[in-house]
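Everything below concerns the one structure shown next.
Each value in this text was obtained by applying a stated rule to the coordinates, not by laboratory testing. Keep in mind that this is a model prediction, so the values were computed, not measured. Glycine also receives a Cβ, built like all others from the backbone with ideal geometry; neighbour counts cover every protein chain displayed.
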Amino acid sequence: MPGLVAGVRRGQPVPAQELLKIGPSKDKRMHIDKELDTRGLNCPLPILKAKKALAEMSSGQLLRVVSTDPGSTRDFMAFAKQTGNELVEQQAEGGDFTHVLKRR
């Protein structure tokens, strides 16, 4: 079906516009302070690794997490809301889901 991204949980598709509502950054000069490659890992490992990395970072620094888990999109939205870290950007390209978080 056009406009749909792979199911996130329990086979429920997520509309592409919902996934990309935190759109690509207009500022191409965004400075990423740390990057995590969690490709091949499933929930909750990408979140746990991000939590550990953020704990080692200073306030205002940016963390980019690349995952292949389609569920990571909603997981990172919930994680940011629960922890107070800002979800600056989310993108889906091919089978990769990229999340950029700003340390609170």
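Worth pointing out:
- Ordering 74, 103, 39 from the fewest to the most neighbouring beta carbons within 10 Å gives 39, 74, 103.
- The order of the peptides 82-92, 53-63 by mean Cβ neighbours within 10 Å, most packed first, is 82-92, 53-63.
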